[in-house]
Ligand code: BTN
């Protein structure tokens with residue numbers, strides 16, 4: 001159990017960003033930080049507003065899964081108003097920001113699993129849920145929801161211990177969530193500004209994907225497809241080479257490495 005409670009002032013102290021994390025809404029308990037962030041975005045909150053909760057009662061993951069946030073982990077949602085052309089880069093941005101901030105804070109090396117899981121030694125340490133409201137030519141808002149297993153002890157969660165890990169379990173010591181959040185905000189802003197300068201994040205993200213070149217299963221809806229993860233397209237879609245030679249494109253799905 002973590003001793004360190006989060007606090008708006010300690011996060012703000014020394015935070016080296018222009019806007020990401022400069023406006024923080026902090027909850028000891030809320031439903032889902034993504035829901036609060038959406039309300040904030042609809043009310044036109046400042047860009048970079050971050051909603052943080054110690055615990056979520058209706059935390060959600062991709063594909064309508066539940067996301068459990070025990071005390072000591074991070075549940076954070078960041079509101080952005082990106083250009084339409086940059087929207088598809090935001091999941092790449094979030095995954096790279098998590099990877100870099102974990103490395104900076106703890107020295108641990110992470111791998112990325114398509115579409116946007118962050119792993120340590122093959123076990124999930126972070127999930128990312130991007131939600132947005134957009135039209136073909138414009139974006140009303142985008143919310144990057146990030147859940148990081150920081151100080152939870154997986155020995156207390158035997159049902160997921162084989163597939164998940166936490167930073168404390170990997171380092172053997174409690175990790176400062178304040179420092180990790182500050183580094184995360186810096187990394188999000190740095191990559192977001194790169195996008196605004198016309199740079200692409202595709203190459204860096206692709207180079208960190210453990211999925212590519214592997215034999216995998218992709219679950220999309222009720223169907224499961226098997227093949228080799230050949231490449232990713234410009235928009236981040238996964239290209240799967242099936243045994244019969246077909247090349248299939250997936251914009252969403254759940255991947256299992258074989
Ligand atoms: C996944 O791996 O399926 C994505 C999990 C995303 C969880 C985070 S925690 C903060 C934000 N609020 C939510 O309800 N979900 C995201």
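The values are calculated or read from the model by the stated rules, or taken from the named source; none is laboratory data. Just so you know, these numbers come straight off a predicted model, no measurement behind them. Heads up, the Cβs are rebuilt from the backbone with ideal geometry, glycines too, and the neighbour counts pull from every protein chain shown.
Mind listing whichever residues of segment 24-55 are assigned to a strand (DSSP E or B) and within 16 Å of the chain's Cα centre (by Cα)? 50, 51, 52, 53, listed by residue number.
For segment 46-57, the candidate set comprises residues that are crowded, with 19+ Cβ neighbours inside 10 Å and more than 16 Å from residue 90 (Cβ to Cβ); within that set, the residue that is nearest to the ligand (Cβ to nearest atom) is 56. Looking only at segment 155-181, residues that are in contact with a helix residue (DSSP H, G or I) (Cβ under 8 Å, 6 or more places away or on another chain) and within 16 Å of the ligand (Cβ to nearest atom) come to 7 in all. Every test in (1) out of contact with any strand residue (DSSP E or B) (no Cβ under 7 Å at 6 or more places or on another chain); (2) free of Cβ contacts under 8 Å to residues at least 40 places away in the same chain is passed by residue 178 save one, and that test is (2).
Among the residues here, residue 92 does not qualify as crowded, with 24+ Cβ neighbours inside 10 Å and assigned to a loop (DSSP other than H, G, I, E, B). Are any of the residues in segment 195-205 at pLDDT below 95 and closer than 19 Å to residue 113 by Cβ? Within segment 195-205, none of the residues are at pLDDT below 95 and closer than 19 Å to residue 113 by Cβ. Would you be able to say whether some residue in segment 121-138 is crowded, with 20+ Cβ neighbours inside 10 Å, over 29 Å from residue 249 (Cα atoms) and more than 10 Å from the ligand (Cβ to nearest atom)? Checked segment 121-138: no residue is crowded, with 20+ Cβ neighbours inside 10 Å, over 29 Å from residue 249 (Cα atoms) and more than 10 Å from the ligand (Cβ to nearest atom). If you check residue 40 against the conditions, is it in contact (Cβ under 8 Å) with a residue 24 or more places away in the chain and away from the ligand (no atom under 16 Å from the Cβ)? The answer is no for residue 40. Within segment 58-85, the only residue that satisfies the criterion of being in a helix (DSSP H, G or I), within 26 Å of residue 138 (Cβ to Cβ) and near the ligand (Cβ under 8 Å from one of its atoms) is 62.
Exactly one residue out of 221, 213 is touching a strand residue (DSSP E or B) at 6+ places or on another chain (Cβ under 8 Å) and at positive phi, and it is 213.
Take residue 175 and tell me if it is surrounded by 15 or more Cβ atoms within 10 Å (Cβ to Cβ) and either outside the structural domain of residue 202 (by TED's automatic domain parsing) or assigned to a strand (DSSP E or B) (or both). Taking the combined requirement at face value, the residue does not satisfy it. When 104, 109 are checked against the criterion of being assigned by TED's automatic domain parsing to the domain that holds residue 189 and not in a helix (DSSP H, G or I), 109 stands alone in meeting it. Among residues that are buried (at least 24 other Cβ atoms within 10 Å of the Cβ) and part of a strand (DSSP E or B), residue 145 is included. When residue 111 is tested against (1) within 12 Å of the ligand (Cβ to nearest atom); (2) in contact with a helix residue (DSSP H, G or I) (Cβ under 9 Å, 6 or more places away or on another chain), only condition (1) is not met.
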